[in-house]
1. Has region 132-144 got any residue that is within 23 Å of Ala20 (Cβ to Cβ) and touching a Cys at 6+ places or on another chain (Cβ under 9 Å)?
2. Residue under question is Thr13, and the condition is that it be modelled with pLDDT under 95, surrounded by 12 or more Cβ atoms within 10 Å (Cβ to Cβ) and under 21 Å from Leu138 (Cβ atoms); does it hold?
3. Do we find that Phe44 is on the phi > 0 side of the Ramachandran plot and part of a helix (DSSP H, G or I) in this structure?
4. How many residues are farther than 13 Å from Ala56 by Cβ, among the hydrophobic types (A, V, I, L, M, F, W, C), in a helix (DSSP H, G or I) and out of contact with any helix residue (DSSP H, G or I) (no Cβ under 7 Å at 6 or more places or on another chain) if we restrict to region 107-133?
5. Of all the residues that make up region 67-82, how many are assigned to a helix (DSSP H, G or I) and either surrounded by fewer than 21 Cβ atoms within 10 Å (Cβ to Cβ) or free of Cβ contacts under 8 Å to residues at least 40 places away in the same chain (or both)?
6. Counting just the residues of region 83-140 that are surrounded by 15 or more Cβ atoms within 10 Å (Cβ to Cβ), β-branched (Val, Ile, Thr) and within 27 Å of Ile155 (Cα to Cα), which one comes out nearest to the chain's Cα centre (by Cα)?
7. Among the numbered criteria (1) within 19 Å of the chain's Cα centre (by Cα); (2) within 24 Å of Glu12 (Cα to Cα), which one does Glu74 miss?
8. Assess whether Leu28 counts as being loosely packed, with under 14 Cβ neighbours inside 10 Å, closer than 17 Å to Cys149 by Cβ and modelled with pLDDT of 90 or more.
Amino acid sequence: MSMTTLEMRKQETRVPAPPAILGALGALTFAGLLLAQIEAFEPFGRPPTGVLALFAAAVLSFLGAVHWGLAMAEYGGRRDTTWSYIVSILPAFLGWFSVAFLPIRVALGVIALGFVLLLLYDLRSLRLGRVPSWYGRLRWPLTAVVVPCLALAAILA
């Protein structure tokens, strides 16, 4: 039995279970660290705000690296991937610089802005067909959790 075009398209836009589950666990980590900050609980004896900033910088870096991997997949392909490589490293530098050199409140805000800007780039990449068709359906809700968590943590810092 063959699938209709609409059924195939729905299947293409369905977020695969592994990224959905792992993304949700990441979002829960952001929410949990914000709750730890609110409750003044120090996981592993460390201030939760600093742990949150480090985790956010690591996740932002990971999201940028997605574009490095996609550019590598185009190796020998039909398009120039220089811009993808450049964009892919900017989130890592932004996260590192923020955590290393900015006051924690400012760092959290800058990293939150990085998540928003990268989402915009990801949505552009989606329109251009450079990321899987389901990627936007994953990024929107996760960013909708992450950014408010970072913003509230910055306000409370």
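1. The answer is no; no qualifying residue exists.
2. Answer is yes for this residue.
3. yes
4. The total comes to 2.
5. 7
6. If we take residues in region 83-140 being surrounded by 15 or more Cβ atoms within 10 Å (Cβ to Cβ), β-branched (Val, Ile, Thr) and within 27 Å of Ile155 (Cα to Cα), then Ile111 is nearest to the chain's Cα centre (by Cα).
7. (1)
8. Taking the combined requirement at face value, the residue satisfies it.
The values are calculated or read from the model by the stated rules, or taken from the named source; none is laboratory data. Only a predicted model underlies this, so the values are computations on that prediction, with no experimental measurement involved. Virtual Cβ from ideal backbone geometry, glycine too; neighbours counted across all protein chains shown.
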